[in-house]
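The values are calculated or read from the model by the stated rules, or taken from the named source; none is laboratory data. On a predicted model such as this, the values are computed, not experimentally measured, just so you know. Using ideal geometry, Cβ is built from the backbone for each residue, glycine included, and neighbour counts are taken over all protein chains shown. Calculation scope for accessible area: heavy atoms of the full protein, side chains included, ligands and nucleic acids excluded. Shrake-Rupley method; radii C 1.70, N 1.55, O 1.52, S 1.80 Å.
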Amino acid sequence: MALYRSKADGRGTYRFFEEEMDAKMQARRMLELDLRAAFINQELEVHYQPLVAVESSKISGFEALVRWQHPERGWVSPSDFIPLAEEIGLIAQIGAWVLKQACSEAVTWPSDMRVAVNVSSTEFKSQSFFSNVTSALQMAGLPGHRLELEITETVVLQDTEATLATLLQLRALGVRISMDDFGTGYSSLSYLRKFPFDKIKIDQSFIADLPDRDGSVAIIKAIAGMSHSLGMNTTAEGVETMEQFEAVRLQGCTEVQGFFFSPAVPAYKIAELIASSGDKDRVAA
(Lines give C-alpha, C1' and ligand atoms only; values in the text may rest on other atoms or scores of the structure.)
Protein backbone atom coordinates (compact mmCIF):
# COMPACT_ATOMS: atom_id res chain seq x y z
CA MET A 1 0.00 0.00 0.00
CA ALA A 2 2.87 2.37 0.81
CA LEU A 3 4.43 1.43 -2.53
CA TYR A 4 1.31 2.31 -4.51
CA ARG A 5 0.89 5.55 -2.57
CA SER A 6 4.49 6.44 -3.41
CA LYS A 7 3.93 5.72 -7.10
CA ALA A 8 0.73 7.76 -7.09
CA ASP A 9 2.52 10.76 -5.57
CA GLY A 10 5.24 10.78 -8.23
CA ARG A 11 8.72 9.48 -8.94
CA GLY A 12 11.56 9.72 -6.46
CA THR A 13 9.34 9.66 -3.38
CA TYR A 14 8.83 7.29 -0.48
CA ARG A 15 5.93 6.71 1.88
CA PHE A 16 5.63 4.84 5.18
CA PHE A 17 2.73 2.49 5.69
CA GLU A 18 -0.06 4.04 7.77
CA GLU A 19 -3.12 2.40 9.24
CA GLU A 20 -5.44 4.75 7.35
CA MET A 21 -4.10 3.30 4.08
CA ASP A 22 -5.58 -0.04 5.04
CA ALA A 23 -8.86 1.59 6.07
CA LYS A 24 -9.12 3.38 2.72
CA MET A 25 -8.31 0.17 0.85
CA GLN A 26 -10.98 -1.72 2.77
CA ALA A 27 -13.52 1.06 2.07
CA ARG A 28 -12.68 0.99 -1.62
CA ARG A 29 -13.03 -2.78 -1.70
CA MET A 30 -16.46 -2.59 -0.06
CA LEU A 31 -17.57 0.07 -2.54
CA GLU A 32 -16.37 -2.13 -5.39
CA LEU A 33 -18.34 -5.11 -4.13
CA ASP A 34 -21.41 -2.93 -3.64
CA LEU A 35 -21.11 -1.46 -7.13
CA ARG A 36 -20.87 -4.89 -8.75
CA ALA A 37 -23.92 -6.00 -6.80
CA ALA A 38 -25.77 -2.79 -7.69
CA PHE A 39 -25.29 -3.42 -11.40
CA ILE A 40 -26.47 -7.02 -11.11
CA ASN A 41 -29.43 -6.09 -8.89
CA GLN A 42 -30.45 -3.16 -11.10
CA GLU A 43 -29.93 -0.52 -8.42
CA LEU A 44 -28.49 1.97 -10.92
CA GLU A 45 -30.83 4.55 -12.43
CA VAL A 46 -30.70 6.84 -15.45
CA HIS A 47 -31.63 10.46 -14.79
CA TYR A 48 -31.95 13.15 -17.43
CA GLN A 49 -30.79 16.78 -17.46
CA PRO A 50 -32.34 19.15 -19.99
CA LEU A 51 -30.37 20.67 -22.86
CA VAL A 52 -31.92 24.07 -23.52
CA ALA A 53 -31.79 26.14 -26.72
CA VAL A 54 -30.52 29.63 -25.88
CA GLU A 55 -32.73 31.66 -28.20
CA SER A 56 -36.04 30.05 -27.30
CA SER A 57 -35.23 28.79 -23.78
CA LYS A 58 -37.00 25.58 -24.82
CA ILE A 59 -35.73 22.08 -24.18
CA SER A 60 -34.03 20.57 -27.21
CA GLY A 61 -33.11 17.29 -25.57
CA PHE A 62 -31.75 15.61 -22.46
CA GLU A 63 -28.42 14.22 -21.33
CA ALA A 64 -28.60 10.76 -19.77
CA LEU A 65 -26.67 10.52 -16.50
CA VAL A 66 -26.27 7.38 -14.40
CA ARG A 67 -27.16 7.60 -10.71
CA TRP A 68 -26.78 5.15 -7.83
CA GLN A 69 -28.89 5.09 -4.69
CA HIS A 70 -27.30 2.65 -2.28
CA PRO A 71 -29.74 1.03 0.20
CA GLU A 72 -27.49 2.04 3.12
CA ARG A 73 -25.15 4.74 1.82
CA GLY A 74 -27.89 6.73 0.11
CA TRP A 75 -27.02 8.54 -3.11
CA VAL A 76 -23.42 7.78 -4.10
CA SER A 77 -21.71 10.56 -6.05
CA PRO A 78 -20.88 9.73 -9.69
CA SER A 79 -17.42 11.19 -9.01
CA ASP A 80 -16.91 8.28 -6.61
CA PHE A 81 -18.34 5.33 -8.49
CA ILE A 82 -17.69 6.21 -12.15
CA PRO A 83 -13.86 6.26 -11.78
CA LEU A 84 -14.14 3.05 -9.76
CA ALA A 85 -16.22 1.43 -12.51
CA GLU A 86 -13.47 2.34 -14.98
CA GLU A 87 -10.77 0.87 -12.72
CA ILE A 88 -12.53 -2.47 -12.25
CA GLY A 89 -13.58 -2.86 -15.89
CA LEU A 90 -17.30 -2.37 -15.33
CA ILE A 91 -17.71 0.92 -17.17
CA ALA A 92 -18.33 -0.60 -20.62
CA GLN A 93 -21.19 -2.75 -19.29
CA ILE A 94 -22.71 0.18 -17.44
CA GLY A 95 -22.33 2.36 -20.53
CA ALA A 96 -24.09 -0.17 -22.77
CA TRP A 97 -26.95 -0.42 -20.28
CA VAL A 98 -27.31 3.38 -20.03
CA LEU A 99 -27.35 3.60 -23.83
CA LYS A 100 -30.22 1.12 -24.10
CA GLN A 101 -32.17 2.78 -21.31
CA ALA A 102 -31.70 6.24 -22.82
CA CYS A 103 -32.78 5.20 -26.31
CA SER A 104 -35.87 3.39 -25.04
CA GLU A 105 -36.86 6.46 -23.01
CA ALA A 106 -36.10 9.01 -25.74
CA VAL A 107 -38.41 7.34 -28.24
CA THR A 108 -41.37 8.39 -26.04
CA TRP A 109 -40.42 12.10 -26.19
CA PRO A 110 -41.47 14.60 -28.88
CA SER A 111 -39.83 13.69 -32.17
CA ASP A 112 -37.71 16.84 -32.30
CA MET A 113 -35.91 16.01 -29.04
CA ARG A 114 -32.70 14.03 -28.83
CA VAL A 115 -30.88 12.20 -26.06
CA ALA A 116 -27.17 12.64 -25.29
CA VAL A 117 -25.14 9.79 -23.79
CA ASN A 118 -21.59 9.97 -22.43
CA VAL A 119 -19.10 7.47 -23.80
CA SER A 120 -15.93 6.62 -21.87
CA SER A 121 -12.67 5.96 -23.71
CA THR A 122 -12.74 2.34 -22.49
CA GLU A 123 -16.24 1.85 -23.83
CA PHE A 124 -15.44 3.53 -27.15
CA LYS A 125 -12.49 1.26 -27.93
CA SER A 126 -14.46 -1.86 -27.03
CA GLN A 127 -15.02 -4.14 -30.02
CA SER A 128 -18.70 -4.33 -29.20
CA PHE A 129 -19.29 -0.57 -28.98
CA PHE A 130 -20.60 0.03 -32.50
CA SER A 131 -22.87 -3.00 -32.35
CA ASN A 132 -24.14 -1.82 -28.95
CA VAL A 133 -25.14 1.51 -30.50
CA THR A 134 -26.91 -0.07 -33.47
CA SER A 135 -28.64 -2.59 -31.20
CA ALA A 136 -29.85 0.13 -28.81
CA LEU A 137 -31.28 2.17 -31.68
CA GLN A 138 -32.96 -0.80 -33.32
CA MET A 139 -34.46 -2.20 -30.12
CA ALA A 140 -35.91 1.18 -29.19
CA GLY A 141 -36.95 2.14 -32.70
CA LEU A 142 -35.12 5.46 -32.27
CA PRO A 143 -33.83 7.23 -35.42
CA GLY A 144 -30.07 7.69 -35.38
CA HIS A 145 -30.27 11.50 -35.61
CA ARG A 146 -32.01 11.61 -32.23
CA LEU A 147 -29.00 10.09 -30.47
CA GLU A 148 -25.99 12.20 -29.54
CA LEU A 149 -22.80 10.60 -28.23
CA GLU A 150 -20.52 12.73 -26.06
CA ILE A 151 -16.85 11.82 -26.21
CA THR A 152 -13.86 13.41 -24.51
CA GLU A 153 -10.48 14.28 -25.95
CA THR A 154 -9.12 11.10 -24.35
CA VAL A 155 -11.04 9.16 -27.00
CA VAL A 156 -9.60 11.22 -29.84
CA LEU A 157 -6.08 10.82 -28.47
CA GLN A 158 -6.27 7.07 -29.06
CA ASP A 159 -5.47 5.35 -32.37
CA THR A 160 -6.66 8.12 -34.65
CA GLU A 161 -7.32 5.96 -37.73
CA ALA A 162 -9.45 3.44 -35.85
CA THR A 163 -11.17 6.23 -33.93
CA LEU A 164 -11.98 8.13 -37.11
CA ALA A 165 -13.34 4.98 -38.74
CA THR A 166 -15.69 4.36 -35.82
CA LEU A 167 -16.84 7.98 -35.76
CA LEU A 168 -17.60 7.86 -39.47
CA GLN A 169 -19.57 4.65 -38.98
CA LEU A 170 -21.64 6.33 -36.31
CA ARG A 171 -22.15 9.38 -38.52
CA ALA A 172 -23.42 7.06 -41.28
CA LEU A 173 -26.16 5.96 -38.86
CA GLY A 174 -27.14 9.60 -38.43
CA VAL A 175 -25.78 9.72 -34.87
CA ARG A 176 -24.55 13.13 -33.73
CA ILE A 177 -21.11 13.40 -32.12
CA SER A 178 -20.14 16.06 -29.59
CA MET A 179 -16.81 16.90 -27.99
CA ASP A 180 -17.33 16.96 -24.23
CA ASP A 181 -15.43 19.08 -21.66
CA PHE A 182 -13.77 21.14 -24.38
CA GLY A 183 -11.06 23.42 -23.02
CA THR A 184 -9.82 21.23 -20.17
CA GLY A 185 -7.51 18.87 -22.03
CA TYR A 186 -5.26 19.37 -25.04
CA SER A 187 -8.06 21.07 -26.99
CA SER A 188 -6.13 20.58 -30.21
CA LEU A 189 -7.78 22.24 -33.18
CA SER A 190 -6.51 19.35 -35.32
CA TYR A 191 -9.31 17.21 -33.82
CA LEU A 192 -11.88 19.56 -35.27
CA ARG A 193 -10.14 19.45 -38.65
CA LYS A 194 -9.92 15.65 -38.78
CA PHE A 195 -13.53 15.05 -37.81
CA PRO A 196 -16.48 17.43 -38.15
CA PHE A 197 -18.09 17.26 -34.71
CA ASP A 198 -21.70 18.33 -34.47
CA LYS A 199 -21.21 20.12 -31.17
CA ILE A 200 -18.64 21.34 -28.69
CA LYS A 201 -19.49 21.37 -24.97
CA ILE A 202 -17.66 24.07 -23.03
CA ASP A 203 -16.54 22.78 -19.64
CA GLN A 204 -18.38 24.17 -16.63
CA SER A 205 -15.14 25.39 -15.04
CA PHE A 206 -15.24 28.32 -17.48
CA ILE A 207 -18.92 29.01 -16.83
CA ALA A 208 -18.41 29.17 -13.05
CA ASP A 209 -16.29 32.33 -13.44
CA LEU A 210 -18.97 34.22 -15.37
CA PRO A 211 -19.79 37.00 -15.73
CA ASP A 212 -16.93 38.52 -13.73
CA ARG A 213 -13.80 36.97 -15.20
CA ASP A 214 -12.77 38.49 -18.52
CA GLY A 215 -10.51 35.56 -19.42
CA SER A 216 -13.37 33.07 -19.27
CA VAL A 217 -15.60 35.39 -21.29
CA ALA A 218 -12.94 35.68 -23.99
CA ILE A 219 -12.43 31.91 -24.14
CA ILE A 220 -16.16 31.21 -24.42
CA LYS A 221 -16.53 33.85 -27.12
CA ALA A 222 -13.62 32.35 -29.08
CA ILE A 223 -14.95 28.78 -28.84
CA ALA A 224 -18.48 29.84 -29.79
CA GLY A 225 -17.20 31.87 -32.74
CA MET A 226 -14.98 29.06 -33.97
CA SER A 227 -17.81 26.54 -33.62
CA HIS A 228 -20.18 28.76 -35.59
CA SER A 229 -17.62 29.14 -38.39
CA LEU A 230 -17.22 25.36 -38.55
CA GLY A 231 -20.97 24.75 -38.55
CA MET A 232 -21.02 23.30 -35.03
CA ASN A 233 -23.31 24.05 -32.12
CA THR A 234 -21.95 25.09 -28.71
CA THR A 235 -23.29 23.98 -25.34
CA ALA A 236 -22.32 25.77 -22.13
CA GLU A 237 -22.33 23.34 -19.19
CA GLY A 238 -22.95 24.22 -15.56
CA VAL A 239 -25.14 27.30 -16.05
CA GLU A 240 -26.60 28.06 -12.62
CA THR A 241 -27.68 31.71 -12.67
CA MET A 242 -29.46 34.19 -14.92
CA GLU A 243 -26.23 36.20 -15.13
CA GLN A 244 -24.33 33.18 -16.45
CA PHE A 245 -27.12 32.42 -18.90
CA GLU A 246 -27.04 35.97 -20.27
CA ALA A 247 -23.24 35.87 -20.50
CA VAL A 248 -23.11 32.71 -22.62
CA ARG A 249 -26.00 33.97 -24.75
CA LEU A 250 -24.13 37.18 -25.50
CA GLN A 251 -20.99 35.25 -26.42
CA GLY A 252 -22.85 33.15 -29.00
CA CYS A 253 -23.47 29.79 -27.33
CA THR A 254 -26.41 27.98 -28.90
CA GLU A 255 -27.35 25.71 -26.01
CA VAL A 256 -27.05 25.60 -22.22
CA GLN A 257 -27.24 22.98 -19.52
CA GLY A 258 -27.27 23.35 -15.76
CA PHE A 259 -29.16 23.89 -12.52
CA PHE A 260 -30.54 27.25 -13.71
CA PHE A 261 -33.06 25.23 -15.69
CA SER A 262 -33.03 21.89 -13.89
CA PRO A 263 -30.82 19.26 -12.27
CA ALA A 264 -30.91 15.73 -13.67
CA VAL A 265 -34.30 14.17 -12.90
CA PRO A 266 -35.83 10.69 -13.05
CA ALA A 267 -37.58 9.73 -16.27
CA TYR A 268 -41.07 10.19 -14.86
CA LYS A 269 -40.45 13.93 -14.38
CA ILE A 270 -39.51 14.59 -18.00
CA ALA A 271 -43.06 15.33 -19.16
CA GLU A 272 -43.36 18.03 -16.50
CA LEU A 273 -40.12 19.65 -17.62
CA ILE A 274 -41.16 19.61 -21.26
CA ALA A 275 -44.50 21.22 -20.35
CA SER A 276 -42.73 24.10 -18.57
CA SER A 277 -40.07 24.46 -21.26
CA GLY A 278 -39.54 28.02 -22.46
CA ASP A 279 -39.74 29.76 -19.10
CA LYS A 280 -36.16 30.96 -18.61
CA ASP A 281 -37.11 32.96 -15.54
CA ARG A 282 -37.86 29.77 -13.64
CA VAL A 283 -34.92 28.44 -11.62
CA ALA A 284 -35.33 24.84 -10.49
CA ALA A 285 -35.13 24.14 -6.77
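What FRET efficiency would be calculated for the residue pair residue 29, residue 250, taking the C-beta separation as r and a Förster radius of 41 Å, to the nearest 0.05?
E(calc), rounded to 0.05, equals 0.25.
Reachable aspartates and glutamates from residue 194, Cα under 20 Å, same-chain residues fewer than 8 places away excluded?
The reachable aspartates and glutamates, counting only those whose Cα sits under 20 Å from residue 194, are 148, 150, 153, 159, 161, 180, 181.
Please work out whether the chain counts as rounded, prolate or oblate from its C-alpha gyration tensor, where a ≥ b ≥ c are the square roots of the eigenvalues and a/c under 1.5 means rounded, while otherwise a/b larger than b/c means prolate and anything else oblate?
Rounded shape, in that the Cα axes give a/c under 1.5.
Compute a Gaussian network model of the chain, connecting alpha carbons closer than 10 Å, and tell me which residue from 231, 144, 258 fluctuates the most.
231
Per residue, what accessible area does the stretch 4-61 have, given a 1.4 Å probe and all protein chains present, in Å²?
67 Å²
What shape does the stretch 10-61 have by the C-alpha gyration tensor, where a ≥ b ≥ c are the square roots of the eigenvalues, rounded means a/c under 1.5, and otherwise prolate means a/b greater than b/c and oblate the rest?
oblate
Only helical DSSP H runs with n ≥ 4 go in: add -39500 (n - 2.57) per run for the chain, normalise by residue count and round the 222 nm mean residue ellipticity to 500 deg cm²/dmol.
-13000 deg cm²/dmol
Just grab the label-to-label distance for residue 259 and residue 36, each label 7 Å out from Cα along the Cβ direction, in nm (one decimal).
The two pseudo-label positions are separated by 3.5 nm.
Can you tell me what share of the DSSP beta bridges in the chain is antiparallel? A percent to the nearest 5 is fine.
Roughly 40 percent of the beta bridges in the chain run antiparallel, per DSSP.
Once you mark the GluC sites (Glu not before Pro) that are in a DSSP loop and have at most 12 other Cβ atoms within 10 Å, what is the longest gap between them in the chain?
Free of exposed loop sites, the longest segment is 73-285.
Over the stretch 1-144, with every protein chain in place, what whole percent of the accessible area is carbon and sulfur at 1.4 Å, could you tell me?
51 percent
Which entries in the list 7/201; 100/269; 58/100; 199/269; 24/100; 201/269 go over 23 Å, if you measure between the two C-alpha atoms of each?
7/201; 58/100; 199/269; 24/100; 201/269
Which of the DSSP-defined H helices in the chain satisfy a minimum axial length of 15 Å, computed from C-alpha atoms, and a minimum mean Kyte-Doolittle hydropathy of 0.5?
Qualifying helices: 91-106, 129-140, 160-172, 214-229.
Could you order 217, 117 by accessible surface area, starting with the largest, using a probe radius of 1.4 Å?
The residues order as 217, 117, largest area first.
Who wins for biggest fluctuation among 89, 225, 61 in a Gaussian network model of the chain, springs between alpha carbons below 10 Å?
89
Whole-Hz ³J(HN,Hα) for each residue in the stretch 120-127, computed from phi via Karplus 6.51 cos²θ - 1.76 cosθ + 1.60 with θ = phi - 60°, x for glycine and proline: what do you get?
Residue by residue, the stretch 120-127 yields 6, 5, 5, 5, 4, 7, 5, 5 Hz.
Which of rounded, prolate or oblate describes the stretch 127-285 when judged by the alpha-carbon gyration tensor and an a/c cut-off of 1.5?
oblate
Return the distance in nm (one decimal) between the two label points of a simple spin-label model at residue 86 and residue 18, each offset 7 Å from Cα along Cα→Cβ.
According to this spin-label approximation, the distance is 2.5 nm.
Report the FRET efficiency, 1/(1 + (r/R0)^6), for residue 164 and residue 198, where r is their Cβ-Cβ distance and R0 is 22 Å, rounded to 0.05.
Plugging the Cβ-Cβ distance into 1/(1 + (r/R0)^6) gives 0.90.
Given the options 93, 42, 69, state which has the largest fluctuation in a GNM of the chain using a 10 Å cut-off (strictly under) for Cα springs.
For the chain, modelled as a Gaussian network with Cα springs under 10 Å, the answer is 42.
How much length, in nm to one decimal, is gained on full extension between residue 79 and residue 275, taken as 0.36 nm per residue of separation minus their Cα-Cα distance?
67.5 nm
Pulled fully out, how much extra length does the chain show between residue 127 and residue 171, if you take 0.36 nm times their separation in residues and subtract their Cα-Cα distance?
So the chain would gain 14.1 nm between residue 127 and residue 171.
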